[in-house]
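*Asks:* Before I ask anything, let me first share the structure, which is written out below as structure tokens.
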Amino acid sequence: MNRKANIAIKADFLHFLSESEMVYIRNGLLWVEDGKVKMIGSVDEVSPFLPKKFTLKDESGKLVFPGFIDGHVHAVQTQAIASYGKQLLDWLETYIFPLEQKFEDEHFARRSIKFFLNQLVKNGTTTAAIFPSRHSIATSILFEEALALNMRILAGKTNMDRNAPIALCDDTKQTYIDNQQLINKYHQKGRINYTITPRFAITSTEAQLQALGDLKKSYPQLAVQTHVSESRNEVDPVKKMFPQAKNYLDVYDTYGYLGKGSLMAHAIFLEDDEWKRLSETQTSIIHCPTSNLFLGSGLFNMQKCRDYNIPLALGSDVGAGNSFSMLRTASEAYKVAALQNIEFTARNAFYLLTLGGAKALNQDDFIGNFEIGKEADFVVVDIGATELMQERITNINNIDELLFVLMMLGDDRNIKSVYLQGEKVNI
Ligand code: GUN
Ligand code: ZN
């Protein structure tokens, strides 16, 4: 299979050079060489430079974005999406832990994980930070399938050793070895970034958190991803379990998890000291609005995140989140912000889904926009994919209005095709 395509694509393009610089090119041409962006501009600007041999993809009238980024999603919860009526801790016990145990079965794991990755791509997500189960085999399957698709992913086995069914708990000493084996086999293979993944403070002993901290010291280039302060009912037990910690985040700080590229999902009930510490360490927050509304967890304060200048991405958090679509995720982020009188424009949203998300995941050297040399992961969007959207866009005055309609009404029906390093994926 040709993994590093040479193509030119004719369409409208939208991307960000920075948070405040949005570039919108009508009737443009994107030239991809060896899977990377070679040139982008108007048809007239780019055409003279095209080589003799290339494949032209004519997507005139469609809008092309850099691939969307999902900053937090579980590969092993698809079959529990939309499970009724519980809040975080009960929801985990009732629906999630029983399901995650099934990933011990290699056959089940492979079928589910293939389905999961396909859902991501169908929704225009080309990069994701992913939690698999605690099983090394299921984690390997995630990596193998991502390699087969040529997807950029951040993931590592999900570590637990208490307050979960025994079948989901590691032997604490084995944690280090199992992670190390996976790192040696998969980190930096294709576009895999191994990410150290303690599930959350409640499901790890101090010994396991320490082992993962030691791992981080041995592999300082690796980031850590986990959950923090998602639910009120979770914060008090954490304080009781870790009485020496100043606050919830301090548990993670103690073991050296914070820093650029590390990913803290949710961050709803933070104290001022925690906001400050995230800012000082430039640790990223992943805001998961569909999940926070679905579980009744609470409202993330995006304004504080801006005030403290903390890197931010959006996450679907499936299965607590109830959609794989980052468009639907953005529309719920709008509503969470609106409830608190916080501005969240379509520009804000599409920045987070592309360059902003890439920065939060520390992947912006490779992806996030159409700068020359970046990997050509992109999504071809049909704004008029539904009758309602066709009707609505008869009353559009500018690109911001169009983007807002796409953000509020869009979903997988708008994703016409998806390219990974210039190669069209069969979805
Ligand atoms: N906190 C710990 N585990 C989980 C999980 O699987 N989903 C969510 N939303 N929160 C968690
Ligand atoms: Zn989660």
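The values are calculated or read from the model by the stated rules, or taken from the named source; none is laboratory data. No experiment lies behind these values; they were computed from the predicted model shown. Cβ atoms come from the backbone with ideal geometry, glycine included; neighbour counts cover every protein chain shown. Side chains are part of the model used for accessible areas, which takes the heavy atoms of the whole protein and leaves out ligands, DNA and RNA. Shrake-Rupley method; radii C 1.70, N 1.55, O 1.52, S 1.80 Å.
*Asks:* Restricting to the chain, compute how many DSSP beta bridges are antiparallel as a %, nearest 5. All intermediate terms of the calculation are to be shown ahead of the outcome.
*Replies:* Working: 27 of 59 bridges.
Here the antiparallel bridges make up roughly 45 percent for the chain.
*Asks:* Just want to confirm a number: the relative contact order over the chain, from Cα pairs under 8 angstrom separated by 6+ residues, in percent. Provide the component values of the computation, followed by the final result.
*Replies:* On the way: 942 pairs, mean separation 86.0, N = 427.
Relative contact order for the chain comes out at 20 percent.
*Asks:* Now for a separate question. Give the Debye-formula value of log10 I(q)/I(0) at each listed q (0.20, 0.25, 0.32 Å⁻¹), with one equal scatterer per alpha carbon of the range 62-110, two decimals each.
*Replies:* Debye intensities relative to I(0), on a log10 scale: -0.76, -0.97, -1.22.
*Asks:* Beyond 29 Å between alpha-carbons counts as too far, so tell me which of LYS246/LYS304; LYS36/LYS122; LYS240/LYS335; LYS276/LYS335 fall in that bin. Let's see the in-between values first.
*Replies:* Values: LYS246/LYS304 20 Å; LYS36/LYS122 21 Å; LYS240/LYS335 33 Å; LYS276/LYS335 26 Å.
Flagged as over cut-off: LYS240/LYS335.
*Asks:* Also: Given Cβ point charges of +1 (Lys, Arg) and -1 (Asp, Glu) and nothing else, what value in debye, to the nearest 20, does the dipole of the chain about its Cα centre take? Please list the in-between numbers first.
*Replies:* Values: 45 positive and 51 negative charges, 179 e Å.
Charge dipole of the chain: 860 debye, to the nearest 20.
*Asks:* Rounded, prolate or oblate: which one fits the range 341-391, using the alpha carbon gyration tensor with axes a ≥ b ≥ c (rounded when a/c is under 1.5, else prolate when a/b beats b/c, else oblate)? Walk me through the numbers before you get to the answer.
*Replies:* Numbers: a/c = 3.69, a/b = 1.42, b/c = 2.60.
Oblate is the answer for the range 341-391, as a/c is 1.5 or above yet b/c matches or exceeds a/b.
*Asks:* Ok, one more. Keeping the other protein chains in place, figure out the carbon and sulfur percent of the accessible area of the range 221-353, with a 1.4 Å probe.
*Replies:* Working: 2080 of 4610 Å².
Carbon with sulfur: 45 percent of the solvent-accessible area.
*Asks:* Leaving ligands, DNA and RNA out of it, rank ASP44, ASP412, ASP382 by accessible area with a 1.4 Å probe, largest first. Working shown, then result.
*Replies:* Numbers: ASP44 130, ASP412 75, ASP382 45 Å².
Sorted descending by solvent-accessible area, the residues read ASP44, ASP412, ASP382.
*Asks:* So what's the range 235-327 giving for Cα Rg divided by 2.2 N^0.38 Å, two decimals?
*Replies:* Numbers: Rg = 13.4 Å, N = 93, 2.2 N^0.38 = 12.3 Å.
Working it through for the range 235-327, the quotient is 1.09.
*Asks:* Once you've got the GNM for the chain with C-alpha springs shorter than 10 Å, pick whichever of LEU339, LEU120, LEU168 has the biggest mean-square fluctuation.
*Replies:* Among LEU339, LEU120, LEU168, the largest mean-square fluctuation in the Gaussian network model of the chain belongs to LEU339.
*Asks:* Taking the dipole about the Cα centre of the chain, with the C-beta of Lys and Arg at +1 and of Asp and Glu at -1, give me whichever of TYR84, PRO165, ILE192 is farthest to the positive side.
*Replies:* Of the candidates, ILE192 comes out farthest on the positive side.
*Asks:* Same structure, new question: Per DSSP helix of 4 or more residues, -39500 (n - 2.57); summed, then divided by the residues of the chain. What does that give at 222 nm, rounded to the nearest 500? Mind dumping the intermediate values first?
*Replies:* Details: 17 runs with 152 residues, N = 427.
So the calculated ellipticity at 222 nm is -10000 deg cm²/dmol.
*Asks:* Would you please give the residues with an amide H less than 5 Å from that of ALA376, counting only those at least 5 places away or on a separate chain, with H modeled from the backbone geometry?
*Replies:* Counting only residues 5 or more places away or on other chains, the set is LYS36, VAL37, GLN421, GLY422.
*Asks:* Quick one: accessible area per residue over the chain, 1.4 Å probe, rounded to a whole number of Å²?
*Replies:* Values: 16860 Å² over 427 residues.
Ligands and nucleic acids excluded, the result is 39 Å² per residue.
*Asks:* Using the scaling law 2.2 N^0.38 Å as the reference, what is the normalised Cα Rg of the range 290-416?
*Replies:* Working: Rg = 15.1 Å, N = 127, 2.2 N^0.38 = 13.9 Å.
Cα Rg divided by the expected 2.2 N^0.38 Å: 1.09.
*Asks:* Also, quick follow-up: Considering the convex hull of the alpha carbon atoms of the range 7-116, report its projected area averaged over all viewing directions, in nm², one decimal. Let's see the in-between values first.
*Replies:* Working: hull surface 45.4 nm².
The number I arrive at for the range 7-116 is 11.3 nm².
*Asks:* Can you give the Kirkwood hydrodynamic radius of the range 27-67 from its Cα pairs, in Å with one decimal? Please report the intermediate quantities before stating the final value.
*Replies:* Details: mean 1/r = 0.0909 Å⁻¹.
Result for the range 27-67 stands at 11.0 Å.
*Asks:* Also, I was wondering about something else. If you find the alpha carbon centre of the range 202-260 and of the range 269-291, how far apart are they in angstrom?
*Replies:* Taking the Cα centre of the range 269-291 as reference, the centre of the range 202-260 is 13 Å away.
*Asks:* Could you list, bin by bin from short to long, the percent of Cα-Cα pairs of the range 101-194 in 10 Å steps?
*Replies:* Once binned at 10 Å, the Cα pair distances of the range 101-194 give 17, 49, 29, 5.
*Asks:* Right, another one. Tally Lys and Arg at +1 and Asp and Glu at -1 over the other residues with C-beta under 15 Å from the C-beta of ASP307: what net charge comes out?
*Replies:* Values: positive: LYS276, ARG277, LYS304, ARG306; negative: GLU19, GLU271, ASP272, ASP273, GLU274, GLU280, GLU343.
After counting each charged neighbour, the total is -3.
*Asks:* If you don't mind, there's one more thing I want to ask. Taking springs between alpha-carbon atoms closer than 10 angstrom, which of SER218, SER284, SER60 fluctuates most in the Gaussian network model of the chain?
*Replies:* It is SER218.
*Asks:* I would also like to ask the following. Under a cut-off of 17 Å between alpha-carbon atoms, report the aspartates and glutamates in cross-link reach of LYS217, not counting same-chain residues fewer than 8 places apart.
*Replies:* ASP178, GLU206, ASP253
*Asks:* OK, next. Can you tally the net charge around ILE177? Count Lys and Arg as +1, Asp and Glu as -1, for every other residue whose Cβ sits under 11 Å from the Cβ of ILE177.
*Replies:* Numbers: positive: LYS173; negative: ASP170, ASP171, ASP178.
The answer is -2.
*Asks:* I need to check one value: relative contact order of the range 58-150, counting alpha carbon pairs closer than 8 Å and at least 6 residues apart, in percent. Kindly include the intermediate steps, with their values, before the conclusion.
*Replies:* Details: 86 pairs, mean separation 39.6, N = 93.
Contact order relative to length: 43 percent.
*Asks:* Continuing with the same structure: Can you tell me the mean projection area, over all orientations, of the convex hull of the chain's alpha carbons? Units nm², please. Walk me through the numbers on the way to the answer.
*Replies:* Details: hull surface 78.7 nm².
Hull-based average projected area comes out at 19.7 nm².
*Asks:* Any idea what angle helix 232-241 forms with the longest principal axis of the chain, computed on alpha-carbon atoms, 0 to 90 degrees, nearest 10?
*Replies:* 40 degrees
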